[in-house]
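A.B. asks: Quick one: the structure is below, and I'll ask about it shortly.
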Amino acid sequence: MQGFLLVNPSSGAGESDEIAGAARARGLTVHLLREGDDPAELAAEADAGPLGVAGGDGSLSAVAAVAARRGLPFVCVPAGTRNHFARDLGLDRDDPVAALAAFDGGSERRVDLAFAGERPFLNNVSLGLYASLVHQREQHRRRREALARLRAFAALTTHRSIPLRVDGRPVDVDVLLVANNAYDLDLLTLGERERLDEGLLHVYGVGGLLPSRRWEEQGSSLTVDGPGRLPAAVDGEPDVLETPVEFRIEPGALRVLVPRD
């Protein structure tokens with residue numbers, strides 16, 4: 001079977017060896033990511049054929065963008081902690097090995113790919129409070145869980161809104177979420193997406209618990225401006241974005257293969 005699979009050993013619950021072995025047994029070329037590896041460069045140099053990633057949401061977007069640029073199919077193997085993209089594709093997140101069947105005559109779906117500047121994302125980009133928590137989580141990821149939780153609560157009580165402008169309009173929010181297609185957004189929960197091919201960015205602003213301080217809008221592009229460099233969470237991973245940030249969506253840019261069953 002022709003195909004190239006990148007496996008992120010640091011994602012999920014330590015299933016990388018099992019996934020890599022099952023992929024090699026199917027005839028795939030497998031590369032286990034090491035420190036210093038650039039997934040996008042590895043995908044760009046791979047032979048023509050389906051490009052796949054076994055990892056969490058933060059591991060997928062760079063390779064997905066390469067697959068879109070090269071016109072190659074993309075395979076998602078859910079091997080991370082939350083695997084929101086795999087969930088919204090309808091994959092079984094508890095059985096990452098089963099997702100490898102997509103390489104062998106899988107069904108193709110066209111889904112949207114979004115960008116924050118030149119940074120691709122499959123799920124969403126968050127600015128504000130949640131982004132701050134993600135950055136603190138990264139800084140203290142080797143600390144005990146209880147200590148990390150206390151730090152998170154401390155951040156909740158000391159966080160101050162970042163002055164932002166969306167398409168030139170000032171917004172007063174604690175969290176600004178730019179999503180690739182619409183989410184089922186509850187009070188403090190980011191739910192599922194019914195569609196991955198709507199071709200629209202959805203922007204959610206949350207300024208507290210009052211409904212009057214929550215709003216939503218949509219469009220194919222938007223500009224977010226703010227004070228210089230903004231801490232961000234891109235598909236759940238910490239990043240820093242230079243403002244102004246130009247968000248855009250490329251409808252149907254990504255060919256995704258999923259198992260036929």
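A.B. asks: Which of the residues belonging to the range 163-186 are surrounded by 21 or more Cβ atoms within 10 Å (Cβ to Cβ) and part of a loop (DSSP other than H, G, I, E, B)?
C.D. replies: Scanning the range 163-186 gives 173, 181, 183.
A.B. asks: Take the range 216-235 and flag every residue that is over 17 Å from residue 185 (Cβ atoms), in contact with a Gly (Cβ under 9 Å, 6 or more places away or on another chain) and not in a strand (DSSP E or B).
C.D. replies: 220
A.B. asks: With the requirement that a residue be touching a residue at least 60 places away in the same chain (Cβ under 8 Å) and on the phi > 0 side of the Ramachandran plot, what does the range 2-35 give you?
C.D. replies: Selection gives 3, 12.
A.B. asks: Name the pairs: first residue in the range 186-208 and closer than 24 Å to residue 256 by Cβ and of a type outside the set (A, V, I, L, M), second residue at pLDDT 95 or above and part of a loop (DSSP other than H, G, I, E, B), Cβ to Cβ under 6 Å, at least 6 apart or on different chains?
C.D. replies: Taking only residues 6 or more apart or on different chains, the pairs are 193/181; 195/181; 198/181; 202/182.
A.B. asks: Then there's this: Looking at 250, 237, 216 in this structure, which one is charged (D, E, K, R), touching a helix residue (DSSP H, G or I) at 6+ places or on another chain (Cβ under 6 Å) and within 17 Å of residue 178 (Cα to Cα)?
C.D. replies: Answer to the check: 237.
A.B. asks: When the residues of the range 63-89 are filtered to those that are of a type in the set (Gly, Ala, Ser) and at pLDDT below 95, which remaining residue is surrounded by the fewest Cβ atoms within 10 Å (Cβ to Cβ)?
C.D. replies: Looking only at the range 63-89, we keep the residues that are of a type in the set (Gly, Ala, Ser), and these are 64-65, 67-68, 71, 79-80, 86.
When the remaining residues are screened for being at pLDDT below 95, the result is 79-80.
Working: 79: 27, 80: 25.
Among residues in the range 63-89 that are of a type in the set (Gly, Ala, Ser) and at pLDDT below 95, the one surrounded by the fewest Cβ atoms within 10 Å (Cβ to Cβ) is 80.
A.B. asks: Another one. In the range 22-54, which residue that is under 23 Å from the mean Cα position of the chain (by Cα) and among the charged types (D, E, K, R) is surrounded by the fewest Cβ atoms within 10 Å (Cβ to Cβ)?
C.D. replies: Looking at residues that are under 23 Å from the mean Cα position of the chain (by Cα) and among the charged types (D, E, K, R), I get 35.
Condition check ((1) closer than 19 Å to residue 58 by Cα; (2) modelled with pLDDT of 90 or more) across all residues:
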residue: 170; (1), (2): no, yes
residue: 173; (1), (2): no, no
residue: 178; (1), (2): yes, yes
residue: 188; (1), (2): no, no
residue: 203; (1), (2): no, yes
residue: 214; (1), (2): no, no
residue: 234; (1), (2): yes, yes
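A.B. asks: Further, regarding this structure: Just to be sure, is residue 67 farther than 22 Å from residue 232 by Cβ and more than 14 Å from the chain's Cα centre (by Cα)?
C.D. replies: Yes, satisfied.
A.B. asks: If you go through the range 206-223 one residue at a time, do you hit one that is farther than 30 Å from residue 3 by Cα, surrounded by 20 or more Cβ atoms within 10 Å (Cβ to Cβ), under 19 Å from the mean Cα position of the chain (by Cα) and not assigned by TED's automatic domain parsing to the domain that holds residue 52?
C.D. replies: No, that holds for no residue.
A.B. asks: Can you confirm whether residue 197 is at pLDDT 90 or above and touching a Gly at 6+ places or on another chain (Cβ under 7 Å)?
C.D. replies: yes
The values are calculated or read from the model by the stated rules, or taken from the named source; none is laboratory data. Everything numeric in this text was worked out from a predicted model, so none of it was measured. Methodologically, a virtual Cβ is constructed for each residue, glycine included, from the backbone with ideal geometry; neighbour enumeration extends over all protein chains shown.
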